[in-house]
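Let me begin by presenting the structure, written as structure tokens, before commenting on it.
The values are calculated or read from the model by the stated rules, or taken from the named source; none is laboratory data. What you see is a predicted model; the values in this text were computed from it and never measured. Note that each Cβ is placed from the backbone with ideal geometry, even for glycine, and that neighbours are counted across all protein chains shown. Ligands, DNA and RNA are excluded from the accessible area calculation, which covers all protein heavy atoms including side chains. Shrake-Rupley method; radii C 1.70, N 1.55, O 1.52, S 1.80 Å.
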Amino acid sequence: MSEKYRGLSPAEFFHRNKEIAGFSNPSRALYQTVRELVENSLDATETHGILPYIDVEVRLHEDRPEWVTLRVADNGIGIPAHEIPNVFGRVFYGSKYVVRQTRGVFGLGVKMAVLYAQMTTGKPIYVKSSTRDSDVVGEYLLYIDISRNIPHVQKMRIKKKNKNWHGTIVRLTLEGAWLQSKKRIEDYIRRTALISPYATIRYRSPDGELLFERVSKELPEPPQIGKYHPKGVDIEILKDLIRRSNNNDMTLAGFLEKYFEGVGEKIAQEFLTWAGFQPDTKVKELKLADLEKLATAMKNFPKWRRPRPLTLSPLGPELLKKGVKSILKPEFATAVIRPPSSYGGHAFIVEAAIAYGGEIPPQDNVLLLRFANKMPLLYDEGVDVSRKIVDSIDWSIYKIKFPAPVAVVTHVCSTKIPFKGVGKEAIADVPELEHELEIAIRDVARRLRIYLSKLEKMYEVKRKEVT
Ligand code: ADP
Ligand code: MG
């Protein structure tokens, strides 16, 4: 018999390979679904200057306890009604394919949740949403048509809006192992509250209700949409930008200035001379070989400015410390932010905090809380760059004797976090990043040592007074 050939749709691919997006079993899938929905809600609020109010509810089905209904509501920017089907029903569709720090980047997360729900319980996703400037509310029940990777709308309704509500409510029912995942989920919510101390998060589950009220009304400066850095390009990016520029007269110099981060007239001229190009060459006339030469030269030119951090949105030491104090309730806490840096054309900023004593339980090792773009990372700690650094440090230099009540918090912000997989759980040890993380961790550790030395001295004085 001869082979039969056909293509595979992206939805079909992820249906077959759920593990790579973190949906490997009912326990992990429930955790991952909570995460995808909460992260979308936070992106839809704080990225747009809205103080987040997020309501998360987990309910077990009365007759079938393995069926879990999850509902997440937010006060975000909402989704235009006509975009709702694609946004929830088409793998690789979204609004975050730009140079800007957000939690989501792939346009995949919520579709994985929809896929998982429909394949385990057969139920569609319910979505209700309204944008800030719209006078209607859209409501949908939809599936993904897996073989075609398009939304299949089961029901829809567009209503006039009578209140001034904006935001999104999402509800889906999936097979989830609640008992096995509840600890992780609670941990995830708690850590999300730590890294977003300006958010109010209400979490209801079969175990009861938790309310994390915001401890600050101050939002970090929202990230701006930026341009590519010249070091981060390849031939396809160049082709795409040239096609989109839609301008037959654009010169190479003009192209570089318009589409790239930190490229002014002077540096564009200097680069083009260095790379052996005529600045007034029309970009439309560049051949593939020219594009290859241009991309290589852009990567190797030593004088580009560093990418600016306007696309990033770190917390800053004050807010980070507030978050750490409110959730870990330590006796001592301190936080630092490192200056912006970059790797391969992507800007990044590292923040770190250390907390000691109080309600932190003494442990044989440093309790590590990792975050990336304000997302808690809970799995795969063993292969994460932060763990590697923490384990390589001799903590006795900092007056820590284990078992000790000490927690280290690391936060990496970047327009491209070097995750080890699409499930976004561990960060790779890119040298530039590792370097910054180590400086930040050692910096807060030094401050802890100063604090512990003071305590020691105080005790010594007291002991002398007593004897
Ligand atoms: P990603 O978050 O990586 O972009 P998702 O599949 O999770 O991918 O979401 C797709 C898109 O749906 C997002 O880019 C966003 O535009 C929109 N979206 C999802 N959830 C919300 C929400 N709660 N509020 C507003 N927009 C949302
Ligand atoms: Mg998402």
For ILE439 and SER2, what does the FRET efficiency come to when R0 = 56 Å and r is the distance between their Cβ atoms, rounded to the nearest 0.05?
0.35
Under a Cβ-only charge scheme (Lys and Arg +1, Asp and Glu -1), can you give me the dipole magnitude of the chain about the Cα centre, in debye to the nearest 20?
560
Contact order relative to length of segment 281-393, as percent, for alpha carbon pairs under 8 angstrom and 6 or more apart:
20
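Relative contact order (percent) for the chain, with alpha-carbon contacts under 8 angstrom and 6 or more residues of separation?
Numbers: 930 pairs, mean separation 64.2, N = 467.
It comes to 14 percent, rounded to a whole number.
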The orientation-averaged projected area of the Cα convex hull of the chain, in nm², is 30.1
With a 10 Å radius around each residue's Cβ, average the other Cβ atoms per peptide and rank 383-390, 40-47, highest first.
40-47, 383-390
Of the accessible area of the chain, computed with a 1.4 Å probe and all protein chains kept, carbon and sulfur make up a percent value of 51
Over 27 Å (Cα to Cα) among LYS401/LYS454; LYS321/LYS457; LYS258/LYS424; LYS239/LYS374 -> LYS258/LYS424; LYS239/LYS374
Between GLU236 and SER24, how many nm apart are label points set 7 Å from Cα along the C-beta direction?
2.8
Quickly work out the GLU57-to-ASP145 label distance, labels modelled 7 Å from Cα along the C-beta direction, and quote it in nm with one decimal.
3.3
Under DSSP H, which helices of the chain have Cα atoms covering 20 Å or more of the helix axis and a Kyte-Doolittle average no less than -0.5?
26-45
Would you please classify the overall shape of segment 10-212 from the alpha carbon gyration tensor, given that a ≥ b ≥ c denote the square roots of the eigenvalues, rounded means a/c under 1.5, and beyond that prolate means a/b larger than b/c while oblate covers the rest?
rounded
Place the peptides 254-263, 202-211, 67-76 in order of packing, highest mean first, counting for every residue the other Cβ atoms within 10 Å and averaging per peptide.
67-76, 254-263, 202-211
Run down the lysines and flag those whose C-alpha is under 25 Å from the C-alpha of LYS128, throwing out any fewer than 8 positions away in its chain.
LYS96, LYS111, LYS155, LYS159, LYS160, LYS161, LYS163
Could you tell me how far the Cα centroid of segment 405-467 sits from the Cα centroid of segment 183-249, in Å?
24
Scoring segment 10-212 by relative contact order with C-alpha pairs under 8 Å, at least six apart, yields a percentage of 28
Solvent-accessible heavy-atom area per residue, rounded to whole Å², over the chain at 1.4 Å
47
